[in-house]
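Every read-out reported here was derived from the displayed coordinates using simple, explicitly stated rules and does not represent laboratory data. Everything numeric in this text was worked out from a predicted model, so none of it was measured. When we count neighbours, we look across all protein chains shown, and the Cβ atoms used for this are built from the backbone with ideal geometry, even at glycine.
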Amino acid sequence: MCGYRNVFKRGPLSPLHMEGVWWRRPSTLPLVLLGMALVIIVAGGTIRINDAGESCPDWPQCFGTWGFDISVEEQAAYWEANPEEVDSRGEDHRYTTFEIFTEWIHRAMVGVIALPVLANALLMRSKRAMYGTKAYQLAVFAGIMLILQATAGALTVFFDNADWSVALHLSMACIFSATFIFQHMEMRSKEGSFHPLFYLPEAFVVANKRRIDAMVGAVFTLLILGAWVSSTAGGQYNQGCSVGFPTGWPKCNGSVLPSFDGPGVLVQMVHRFGALIVGLVLVAGSARIRSEAREHNAGTSIGRITDITAGFWMLNVMIGGTYIIAAKMDNFPEWVSLLHLVVGITGLLIASSALFSMNISASNFNDRTEEA
């Protein structure tokens with residue numbers, strides 16, 4: 001680590017760095033917001049596994065009210081008064097209070113996080129002299145993404161959880177969450193942190209930027225494919241390849257190369273082959289990153305990130321297989337599906353930190369070159 005200090009000599013450490021108390025640093029705020037964002041994502045996943053995505057037919061209200069305790073009679077009265085908002089289950093379907101609550105609390109969380117997101121942007125504006133323009137821009141971008149994410153949430157309601165709207169909503173939630181990681185890393189760099197991830201050698205960054213981009217893009221694409229599988233035809237395509245071992249997984253309807261005539265088979269196989277391709281990209285890419293890091297004396301941190309990303313991919317493949325193996329037709333262990341989502345998002349965010357490391361290192365190198 002001393003080698004990085006010699007190459008990138010910094011000025012006097014900031015008071016925040018010298019304090020060393022993490023909870024007193026402004027850079028902790030993005031991490032708090034990241035935690036809140038992940039709770040919202042888990043809440044969204046809980047809505048899906050309880051098949052409650054249409055339990056509030058209107059937006060931003062719920063059955064024309066601001067509450068969630070909507071009786072069977074009140075639901076019937078609402079459908080009668082608003083026949084155009086009857087969802088895919090039909091006007092005779094009734095939702096439980098718990099199902100409505102999951103959707104209601106998910107929306108409420110988005111409203112709650114709006115205030116600290118605004119405070120984050122205002123703080124970065126007031127401290128732009130210390131943290132720079134990029135940190136401020138990231139804080140503002142997070143605010144914009146929150147608005148867009150809320151809009152995407154409204155679209156999922158208006159289009160009765162159409163597969164494309166669910167995938168859009170999830171992708172925006174991931175970008176929103178990743179923004180806080182980028183902001184935190186950018187702020188820690190400006191606070192005087194000597195972490196090697198902020199000072200990767202220029203030659204290493206130039207040689208591997210596209211490789212990191214491809215790895216992050218592959219994980220992101222796989223996550224969206226997963227959302228497509230779980231939301232297409234109301235999640236019914238989960239059983240497109242049947243269930244059990246080995247008929248449902250790792251085979252599909254008992255065959256390695258099944259016929260694509262059955263409903264959901266194409267969706268399932270695209271996701272599975274996508275997972276295989278992404279795995280090859282991650283494993284090969286991570287091996288190359290570790291080799292390049294040794295060659296350019298870039299330390300081991302960046303290689304650990306890509307290795308952990310590949311590890312999360314392997315774990316999620318096993319979780320996805322468990323979901324199919326442990327299932328019975330029309331009775332899937334949905335908590336496993338939620339775990340599959342959480343592990344997938346975690347892997348994406350870990351991979352994203354490598355991408356942000358490359359960006360910050362390039363900026364720091366340019367800053368030092370200009371100072372010289």
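Observations on the structure shown:
- Within a straight-line Cα-Cα reach of under 16 Å, Lys134 can be paired with the following aspartates and glutamates, leaving aside sequence neighbours fewer than 8 residues apart in one chain: Glu186, Glu191, Asp367.
- For segment 197-372, the equivalent ellipsoid built from the Cα gyration tensor has semi-axes of 39, 14, 13 Å, listed from largest to smallest.
- Membrane-span-like helices in the chain, defined purely by DSSP H runs whose alpha carbon atoms cover 18 Å or more axially and whose average Kyte-Doolittle hydropathy reaches 0.0, are 28-49, 97-126, 128-158, 163-190, 202-231, 265-295, 301-325, 334-371.
- Relative contact order (percent, whole number), the chain, Cα cutoff 8 Å, 6+ residue spacing: 20
- Projecting the Cα atoms of His271, Leu222, Pro246 onto the dipole axis of segment 197-372, where Lys and Arg carry +1 and Asp and Glu carry -1 at the beta carbon, places Pro246 farthest toward the positive end.
- Residue with peak Gaussian network fluctuation, the chain [Cα springs, cutoff 10 Å], from Gly274, Gly143, Gly132: Gly132
- Proximal charge balance of Gly244 [Cβ under 15 Å; K/R count +1, D/E count -1]: +1
- Taking a Cβ cut-off of under 13 Å around Ala121, the surrounding Lys, Arg, Asp and Glu residues balance to a net charge of +3, with basic ones at +1 and acidic ones at -1.
- Cross-link reach list, lysines versus Lys328, counting only Cα pairs under 24 Å and skipping chain neighbours closer than eight places: Lys251
- For the chain, the Cβ-based charge dipole about the Cα centre amounts to some 2440 debye (Lys, Arg positive; Asp, Glu negative; other atoms uncharged).
- Alpha carbon Rg of segment 20-61, scaled by the compact-globule rule 2.2 N^0.38 Å: 1.75
- When segment 25-193 is described by a simple charge dipole with +1 on each Lys and Arg Cβ and -1 on each Asp and Glu Cβ, the residue from Gln75, Gln61, Leu123 located farthest towards its positive end is Leu123.
- Cα centre as origin, Lys/Arg/Asp/Glu Cβ charges: segment 25-193 dipole, Debye: 1800
- Our analysis of the chain gives Rg over Rh at 1.03, with the two radii drawn from alpha carbon positions and Rh computed by the Kirkwood formula.
- 222 nm mean residue ellipticity, helices alone, for the chain (DSSP H n ≥ 4; -39,500 (n - 2.57); rounded to 500): -24000 deg cm²/dmol
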